[in-house]
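The values are calculated or read from the model by the stated rules, or taken from the named source; none is laboratory data. Nothing here was measured: the structure is a model prediction, and the numbers come from that model. Every residue, glycine as well, gets a Cβ built from its backbone with ideal geometry; the counts of neighbours run over all protein chains shown. For the accessible areas, the whole protein counts, side chains as well, though only heavy atoms, and no ligand, DNA or RNA atoms are used. Shrake-Rupley method; radii C 1.70, N 1.55, O 1.52, S 1.80 Å.
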Amino acid sequence: MSTHSHAEEHHITSNKTYIVVWAALMVMTAITVYVSYINFGTFNIVIALVVASIKASIVALYFMHLKFEDSITWVFALFPLSLLALLIGMTITDTFTRTIVP
Amino acid sequence: MANHTIAHNVYVPFLEKKGILSWILTTDHKRIGILYLISISFFFLVAGVFALLLRYELLTPASDFVQPHTYNVLFTLHGSIMVFFFIVPGLAASFGNFLIPLMIGAPDVAFPKLNLGSYWIYLLGTVIVLIALAKPADTGWTFYTPYSATTDTDVVLITLGVFVLGFSSILTGLNFIVTIHKMRAPGMTWHRLPLFIWASYATAVLQLLATPVVGITLLLLITERTLGVGFFDPAKGGDPVLFQNFFWFYSHPAVYIMIIPAMGVISEIIPVFARKPIFGYKAIAYSSLGIAFISFLVWAHHMFTSGISDIAATIFSFLTFLVAIPTAIKVFNWTATLYKGSIHLHSAMLYALAFVFLFTIGGLTGLFLGALAADIHLHDTYFVVAHMHYVMIGGTVMGFFGALHFWYPKWFGRMFNETVAKIAWFFIFIGFNVTFFPQFFLGVQGMPRRYATYPAEFESLMSLSTYGSWILGAGIIIMTVNLIAGLINGEKAPQNPYGSLSLEWQVPSPPPLENFEEIPHVTDWSYGYGKKK
């Protein structure tokens, strides 16, 4: 192929790493469930989303091998997140700056 | 451009194998391209018939041909089928499939089985929508809430069909991105890639990143209708404008999913028939990526009158004008390529020139709609209908027809009747303008879109538009018959009838099963026309 031969080596992740990541995901699931029984007001959703984001990140990094991939894969992984931020950011800008007609 | 040779003694054209299984189970990108081509052409003609019926109803001010509800169903089907079944898969799936491996010097796409899977997912989506026709939706192709959440027509099934179609689009985009990154022949550097490949790459990025948003949005709508969860219904704590924000976050980039491949086609046709190197190669290449990026920043210009905040509307109006920069870069570069060229008016070139002319009208009228104050007056009038059709027919469809005439000999190994092709082009060009140019005036005078009846003062322009649709329809029939006749009894096509320098023309017509006997070594770009040998 053209210019990508340098990136063809594949990293092999040890079983130990996979088990540690799985355990971490289980712990965070337990935290999410536990926190849902306590009333933190609006912080309930913040905590749930932060925990979910951490879980998604370690799934992408370890289970989906992102940690061991070359820079172009990182670009494709991170660029959609900036679009997501744009979608949420601009939609919220609209919602929060609307003139309310009584 | 490439210093390789083809061994003709082992040449087996890809169309050689016969039988239904050789089609429905094929993983050959060229055959899958044909499957898409047949499917999208069929749906184009079906949706075109709906358009003719709509225009016939509008011949007179009264609702005398169909009932208003039937009219609503007709424009919903016309829009939905044209958008989701024809123009979104359109050039990207048909010509993208056929051309990308050939143009980059690869034997196939990166994931051939996934490619076939994408086609079958596309067919599954069409079947679901056909089932939905038992109680057809009357929402328009945009499925706006709150109406789509409450109408008793079958919105769930048609949106489910569109949701399924989205997966076909996503997987095709993924396949093309990986193919262009990983499968380029030795020496085919990024800056030697044909501009159609740059356009296909930009399109694939949009397909991959924007389509999931509309999928989720339609799923939310289905959830609201079936489970009563209040995402968009104010009575349940939802926000109908939220639907529009989400919907247009996809559907504006989707406009560029439709048009960017056509721009790639024009960049291929013009240098061949002007016999000149393309002017501003890098500017055209990067403007495709520029359009793709900016397309994510402008979605709310569809919503200036929907009740979005003044601040958001101002920001989006400003950002919308940025689109003019990369699109103008392309138009100026095409024009500069034509300058002092040795222009040959082949039918494909006529479509390319029509594209530049009509797309410019479509683009410039977009500036009126992007301006906040003017849009208040013009929103949801026939001005929008005319603008949209100048971009979509004047742009994308002209590009599609141009591609059909340009690559027809390569794809099918036959020639069509060039004189008849030019006559068809003339009918299509005149018919299109007679149909849609009067609609700019109707819109400025305040005629709203999507009504079966209208005041008598609009009758002359409305009926003129309907007469134009008949000329346009006649042109498309002539073109279709000519291209089908070419398949049956056209002359055998030579390998390179236009003297093109691009890789796909360096293999026999039609191409062999594996495309290249040996993977070519590329030593130059494909636009070196007019140089002394």
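Of note:
- Degrees between helix B:324-338 axis and first principal axis of chain B (Cα, 0 to 90, nearest 10): 40 degrees
- Average other protein chain Cβ within 10 Å of Cβ, residues A:83-94: 6
- Computed [θ] at 222 nm, deg cm²/dmol, chain A (DSSP H ≥ 4; -39,500 (n - 2.57); rounded to nearest 500): -21500 deg cm²/dmol
- Heavy-atom accessible surface that B and A bury in contact, both chains counted, 1.4 Å, Å² to 100: 2000 Å²
- Degrees separating the helix B:90-104 axis from the principal Cα axis of chain B, which is the longest one: 20 degrees
- Share of carbon and sulfur in the accessible heavy-atom surface of chain B [1.4 Å probe, %]: 71 percent
- Net charge of the neighbourhood of B:Ser465, taken over other residues with C-beta under 14 Å away and scored Lys/Arg +1, Asp/Glu -1, is 0.
- Within chain B, helix-based [θ] at 222 nm, where runs of 4 or more DSSP H residues each add -39,500 (n - 2.57), nearest 500: -21500 deg cm²/dmol
- FRET efficiency for the pair A:His11 and B:Thr335, taken as 1/(1 + (r/R0)^6) with r the Cβ-Cβ distance and R0 = 45 Å, rounds to 0.35.
- Cα gyration tensor shape for the protein assembly as shown, rounded if a/c is under 1.5, else prolate or oblate: oblate
- Full extension of the chain between B:Glu418 and B:Ala283 yields a length gain of 45.3 nm, computed as 0.36 nm times the residue separation minus the alpha carbon distance.
- Considering only B:His389, B:Pro271, B:Ala313, and ranking their Cα positions along the charge dipole of chain B that arises from unit charges at the beta-carbon of Lys, Arg, Asp and Glu, the one farthest toward the positive end is B:Pro271.
- Its Cα centre serving as origin, the protein assembly as shown has a Cβ charge dipole (Lys and Arg +1, Asp and Glu -1) of approximately 1280 debye.
- Test item: Cα-centred dipole of the range B:8-506, Lys/Arg +1 and Asp/Glu -1 on Cβ, debye: 1680 debye
- Three-way shape label, chain B, alpha-carbon gyration tensor, a/c 1.5: prolate
- Net +/- balance of residues flanking B:Phe416 in space, Cβ distance below 13 Å, scoring K and R +1, D and E -1: +2
- Considering only B:Gly413, B:Ile477, B:Met398, the residue lying farthest towards the positive end of the dipole of the range B:374-533 is B:Gly413, judged by Cα position with unit charges set on Cβ.
- If only the Cβ of Lys and Arg carry +1 and only the Cβ of Asp and Glu carry -1, the dipole of the range B:236-340 around its Cα centre is close to 500 debye.
- Taking a ≥ b ≥ c as the square roots of the Cα gyration tensor eigenvalues, the range B:293-347 comes out prolate, since a/c reaches at least 1.5 and a/b is larger than b/c.
- Think of the protein assembly as shown as having a plus end and a minus end, set by charges on the Cβ of Lys, Arg, Asp and Glu; of B:Pro520, B:His379, B:Val88, B:Pro520 sits farthest toward the positive end of this dipole.
- Stretching B:Glu514 away from B:Phe357 to a fully extended chain increases their span by 52.7 nm, per 0.36 nm per residue minus the current alpha-carbon distance.
- Degrees, to the nearest 10: B:112-132 long Cα axis against longest axis of chain B: 30 degrees
- Once the Cα-Cα distance is subtracted from the 0.36 nm per residue extended length, the A:Met28 to A:Ile54 segment shows a gain of 8.5 nm.
- The range A:12-96 - percent of accessible surface contributed by carbon and sulfur, probe 1.4 Å: 78 percent
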